[in-house]
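Working notes for the structure below.
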Amino acid sequence: MTDPARPGPARPGPAGEVTDRAAAGFLHRYGEPPAGRWAAPGRANLIGEHTDYNDGFVLPFTLPLRTVVAAAPQDGGRWTVWSELSDSPVEFGVAEVTAPGRVTGWGAYVAGVVWALRDAGHHVPGARLAIASDVPVGSGLSSSAALEGAVLAALVDLGGVDLPAERRPRLAQRAENAYVGVPTGIMDQSAVIRCRPGHALFLDCRTESVEHIPFDLAAAGLAVLVIDSRAPHRHAGGEYASRRTSCEQAAELLGVAALRDVPAAGLDEALARLDDDETRRRVRHVVTEDQRVLDTVELLRAGRIRDIGPLLTASHASMRDDFEITVPEIDTAVEAALSAGAYGARMTGGGFGGCVLALIDADRADAVTAAITTAYAARNFPTPTPTFHRLP
Ligand code: GLA
C-alpha cells in the first residue's frame, strides 16, 4: 500500500482527480464548460445491516471516494448523460420519464432521479451531464446511491428546486425502488446525502431522524480498513428481495408493523411464536442487530471506540449464521482480520460479496491486509483489494 489516504489500486481507474475528470469530460463531450459540479460520496456501514427496511437503526459513514456530476441546462426537455465508465452516452426525453423502467442500464439511475423529481411535482430542466467516479461499482460501497445523490443535487440546483437535504434520500430511494426496480431501504441514500465527515450517521429509518455521532478514529490511533472481498455477487438481487420478504412476513405473523417493533427483551417470546426455524433466525438477526446499533452508538458517545469491536464481530456472526448473507471469501477475510489483531470485523453492505471492514490500530493496516491476502491465497481466492484505511 503506497499512500493510505488515497483510494487504493483496487481497480485501475481513469487518471486525474475526479472533479477535474467530470469537468474535463463535460468540456470534451459538449464543447463548453459545465455550469457547475456536484458530488456525492460512497459509504460503508459501520453496523446495522438489513435493518433499514425493517424500520430499524443504521450507522453508516462516508468514504473518501466520490461520484461527481458536471452539468449544465439544455433546452427542449432532453437529458444527455455521459459517463467515464461507459463508451456510449445515454439520452432520453420527457417520454422516457413519464413512467418507470423506460431507460435501462446505468442510465436508469439518472432517468429515475428525473422521474422521481417530476413525479413529486418538481420542475426538472433538461440537462447535459458528465459523470466521473472513484466509487467502485459492484463492491457494495453504494456507487448507485452516490450517482443518485450527485445527479439529484445537480438537477435540484439547476432547476432552482427547494428540496431540503432531509427530504432528498426518500426521493433518491424512490428512483431506485420504483424506476430502476431494486427494493433497497433508505440507508444508502441517507448516508451519501446526510453524513458529515468525521461522523457516523445514526439514522432511525422509521422517523428518518438523525444524530451525527463523532467517529474520530485518527485521534484514537485507530483506522477502519475496508477491503473489497472480490467475491462474485451470487444472486444478490433475488436474495436481497427474499430476505426483505421474509422479514415483512415475519412482522405480519407477529402482528407488528415492522420487526423494529420487536424489542430485544421480547425476542424469545416472539421467536416462540414462530414455527419456521429459518424465519426465527431472520428475525433474531434483525432484532439483535438493531440492539447492536444502539449499543455501538452508546459506546461511541462515550468515546470508547475500541470497545465496539466485539459488536462488529457479533454482527458478522449474525449475518453469517442467522441471516445467511455472507460468502466464504467474506468469512475468510473477517477471520483473518481478527486473527491479525483487529478489534472487530464484519461484512458491510447488502451481502453476497462486497466489502469487509475491520477496526484496527492505524499502524496495523499493512499487517492485517497481509494476513487477509495470505488467507485468501491458501484458499485460491482472488487477491482482495484494500480500498483505503483512513477516514476523512
Ligand atoms: C443495501 C441496501 C440498503 C440496506 C443494505 C443492507 O446496501 O441498499 O438499503 O438494506 O443493503 O443493510
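The values are calculated or read from the model by the stated rules, or taken from the named source; none is laboratory data. Fair warning: this is a prediction, and the values are worked out from it, not measured in the lab. Cβ coordinates were reconstructed from backbone atoms using ideal geometry, including for glycine residues, and neighbour counts include every protein chain displayed. Each accessible area value is taken on the protein alone, full model and side chains, heavy atoms only, with ligands, DNA and RNA left out. Shrake-Rupley method; radii C 1.70, N 1.55, O 1.52, S 1.80 Å.
Things to note:
- For the chain, the longest principal axis of the C-alpha atoms and the axis of helix 143-158 are separated by about 40°.
- Qualifying trypsin sites (Lys or Arg not before Pro) in segment 331-392, DSSP loop, other Cβ atoms within 10 Å at most 12: 379
- Restricting segment 259-288 to trypsin sites (Lys or Arg not before Pro) that sit in a DSSP loop and have at most 16 other Cβ atoms within 10 Å of their own Cβ leaves 273.
- Average Cα contact separation per residue, the chain, under 8 Å, 6 or more apart, as relative contact order %: 21 percent
- Cα centre as origin, Lys/Arg/Asp/Glu Cβ charges: segment 328-372 dipole, Debye: 120 debye
- Tail fraction, Cα-Cα pairs, segment 9-168, threshold 27 Å, whole percent: 23 percent
- For segment 192-339, the solvent-accessible area with a 1.4 angstrom probe is 44 square angstrom per residue.
- Estimated inter-spin distance, residue 220 and residue 204, nm [label 7 Å along Cα→Cβ]: 2.4 nm
- Cα-based helix-to-principal-axis angle, 107-119 vs the chain, degrees rounded to 10: 80 degrees
- Linear extension gain, residue 288 paired with residue 257, 0.36 nm per residue minus alpha-carbon span: 9.4 nm
- Where labels lie 7 Å past Cα in the beta-carbon direction, separation of residue 377 and residue 211 in nm: 4.6 nm
- In the chain, the portion of solvent-accessible area held by carbon and sulfur atoms comes to 50 percent [1.4 Å probe, whole percent, DNA, RNA and ligands not counted].
- Subtracting the Cα-Cα distance of residue 321 and residue 19 from their residue separation scaled by 0.36 nm leaves 104.5 nm.
- Cβ-Cβ distance of residue 248 and residue 277, R₀ of 22 Å, FRET efficiency by 1/(1 + (r/R0)^6): the value works out to about 0.75.
- Dipole magnitude of segment 192-333 about its Cα centre (Cβ charges: Lys, Arg +1; Asp, Glu -1), debye to nearest 20: 460 debye
- Label point distance in nm, residue 102-residue 361, each placed 7 Å from Cα along Cα→Cβ: 6.0 nm
- Where N is the number of residues in the chain, Cα Rg divided by 2.2 N^0.38 Å: 0.98
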